[in-house]
1. If I take every Cα pair under 8 Å that is 6 or more residues apart in the chain, average their sequence separation and divide by the length, what percent do I get for the relative contact order?
2. Work out, step by step, the length gained on full extension between A212 and A47: first 0.36 nm times the residue separation, then minus their alpha carbon distance; give nm to one decimal.
3. With Rg and the Kirkwood Rh both taken from Cα atoms, where does Rg over Rh land for the stretch 1-86?
4. Given the rule -39500 (n - 2.57) for each run of at least 4 DSSP H residues, summed and divided by the residues of the chain, what is its mean residue ellipticity at 222 nm, to the nearest 500 deg cm²/dmol?
5. From the Cα trace of the stretch 106-155, what convex hull volume per residue do you get, rounded to a whole Å³?
6. What is the Cα centroid distance between the stretch 209-226 and the stretch 71-144, reported in whole angstrom?
7. Once the piece of chain linking D39 and V223 is laid out straight, how much longer is it, given 0.36 nm per residue of separation minus the C-alpha distance between them?
8. I need the phi-derived Karplus couplings for the stretch 74-91: 6.51 cos²θ - 1.76 cosθ + 1.60, θ = phi - 60°, integer Hz, Gly and Pro marked x.
Amino acid sequence: MRHDPPPTKVATLNAEQAAHLDRDGYLLLRGAVPEAWRDALCQAFDAGVGTGDQWAAPRGAGWRHALVDLDPVVQRTCRLPPLLAAGAQMLGGPFFLAQVEGREPLKDGGHQPLHRDGAGMNAVAALVFLDPYGPDNGATRVIPRHRDPGDLERGEAESLSLIIAGEAGDILVFDANLPHGATCNLSGARRRSLLLSFMQEGDRAAIEACRAIRNVRMATGEVFVP
């Protein structure tokens, strides 16, 4: 007989954070990762870097990728209360951690066109920064929700974007349908991050069906509820 664990209750954001997230579609949680965890996260990232054949699907050129989803400190980081609270604010109902992997733009690499990752599903993405980040080393840019032009092919889309900058230990959490994209790492300075996604429980079957192609090794059965 199957016995599913009880859902994990998630705290709520404070009113100011919730209003910012609702208006802009993203929230920067500064210093959210405890300082004592940061060296271990960097070590997990570097240990997870391998060759291209460790991935079931090809990875983009100009990036370093790391398998990190079985690391216990990475898993704890994905469950930090402010991060889960932001996920709950956006998803509104039961959700689960679908994926976490490491990414780092290489020197002169990393630039992405502005894009949306939602693919018709309600999803939340988050970047846990392991190094200082800014316009010189491939930081992510976003178009706030209230400035979203809709059509990203329109000429003014890039001019509406904001490049997010900060320090190791920050977490950028955003609606996956929000226009976003990394910039080019011109300096070559390290800009390691953990990229993770939360999905609505109702989309679990579709997401789990492709876990092998996404190199998901971790257990994903835990359900979070607002």
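1. Working: 504 pairs, mean separation 74.7, N = 226.
Contact order relative to length: 33 percent.
2. On the way: separation 165, 0.36 × 165 = 59.40 nm, distance 2.08 nm.
Between A212 and A47, full extension yields 57.3 nm more.
3. On the way: Rg = 16.9 Å, Rh = 16.0 Å.
Reported Rg/Rh (Cα atoms, Kirkwood Rh): 1.06.
4. Values: 5 runs with 47 residues, N = 226.
Roughly -6000 deg cm²/dmol at 222 nm, from the helical runs in the chain.
5. On the way: hull volume 6.7 nm³, N = 50.
Normalising the Cα hull of the stretch 106-155 by residue number yields 133 Å³.
6. A separation of 16 Å, based on Cα centres.
7. Values: separation 184, 0.36 × 184 = 66.24 nm, distance 2.84 nm.
That pair, D39 and V223, stretches by 63.4 nm at full extension.
8. Coupling constants for the stretch 74-91: 4, 5, 5, 5, 5, 10, 4, x, x, 5, 5, 5, 5, x, 5, 4, 7, 8 Hz.
Read-outs: derived from the displayed coordinates by stated rules, not from any lab. Everything numeric in this text was worked out from a predicted model, so none of it was measured. When we count neighbours, we look across all protein chains shown, and the Cβ atoms used for this are built from the backbone with ideal geometry, even at glycine.
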